[in-house]
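Note sheet for the following structure.
The values are calculated or read from the model by the stated rules, or taken from the named source; none is laboratory data. In this text the structure is predicted, and so the values were computed from the model without any measurement. Don't worry about glycine lacking a Cβ; one is built from the backbone with ideal geometry, like all the others, and counts go over all protein chains shown. Protein only, heavy atoms only, side chains kept; ligands, DNA and RNA dropped before computing areas. Shrake-Rupley method; radii C 1.70, N 1.55, O 1.52, S 1.80 Å.
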Amino acid sequence: MRSMANLDERMLISRSRRILIPVKPSEISELSAILDDIRPHIHPSCSLQLLALCPPFLSGADGDLAYAHGFHHAAVLDETRSALIQLVGKTRWNTARFQTAVCEGGLLRIVGAARNNLSDLILLATPGWTASRLARWKIAYLRRLSDCQVLVLGRQQGPADGLPISLGAMKRALTTGAAFAPA
C-alpha cells in the first residue's frame, strides 16, 4: 500500500462521513493496511462500510452447480462474513464505526450499497481495483453509475532502495514484534 501524498485524496477522505470500501473475499487481509493508511485522514464522525463481494454462484436446471463442486454459496458467504468481523475486531479502531456486509455480485451491488448507506465516497484501494487492466473499465462504469465520489488509491511502486516491504509494514512489524512480510 502507499501513503496518501496527494492533497486532493486526503481532502476527499477527510470530508466524507460515510465511506464504502468494496473488496473481494481474497483481499480481506489487505484491509488492515488500507485502514492504517487512511486512518490519519478520516473525520472523527466518519463511518466505514466494508463490503465483501463474492462472485455470483452458478446454478443450472438441475440445481446448484457450485454446490456440486463443493462451493456451497451459504458456506462461502458465512466464511467471508466471519473473516470481515474478525478483521474489524483486530483493528485499533472503534468497532462501532464499522458496518460489514457480504453479498454476491459486482458493480451494481456496490452502487446499491452506496445508495442504501448514503455513502459520500466509494474507496477502491485493493489490488483487484488498482492492479488490473480490466479494473479501469469497471471504475469508469462505477463512476457513471454512482451518485457519490469514487476514489482509487493506487498501489505504491517498488521503493527506490529495493526494500521488499513498505515503510508502513516495517512500522507495524516493529511495533507488534511480528516478522517482516512482503507488501
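Quick check on region 119-128. Is at least one of its residues under 16 Å from Ser47 (Cα atoms) and in a helix (DSSP H, G or I)? Checking region 119-128: not a single residue is under 16 Å from Ser47 (Cα atoms) and in a helix (DSSP H, G or I). If we scan region 127-144, do we find a residue that is β-branched (Val, Ile, Thr) and at pLDDT 55 or above? Yes; the residues of region 127-144 include at least one that is β-branched (Val, Ile, Thr) and at pLDDT 55 or above.
Tell me whether region 128-135 contains one or more residues that are hydroxyl-bearing (Ser, Thr, Tyr), out of contact with any helix residue (DSSP H, G or I) (no Cβ under 6 Å at 6 or more places or on another chain) and without any contact (Cβ under 8 Å) to a residue 60 or more places away in the chain. Yes, there is a match, as at least one residue in region 128-135 is hydroxyl-bearing (Ser, Thr, Tyr), out of contact with any helix residue (DSSP H, G or I) (no Cβ under 6 Å at 6 or more places or on another chain) and without any contact (Cβ under 8 Å) to a residue 60 or more places away in the chain.
Listed by first and then second residue, the pairs linking a residue in region 91-103 that is small (Gly, Ala, Ser) to a residue that is open to solvent by less than 20 Å² (accessible area, probe 1.4 Å), with Cβ atoms under 6 Å apart and 6 or more places separating them unless they lie on different chains, are Ala101/Leu51.
Count of region 32-56 residues, restricted to those that are more than 22 Å from Asp120 (Cβ to Cβ) and either modelled with pLDDT of 85 or more or buried (at least 17 other Cβ atoms within 10 Å of the Cβ) (or both), is 3. Residue-level analysis places Asp78 outside the set of residues that are open to solvent by 80 Å² or more (accessible area, probe 1.4 Å), at pLDDT 85 or above, out of contact with any strand residue (DSSP E or B) (no Cβ under 6 Å at 6 or more places or on another chain) and acidic (Asp, Glu).
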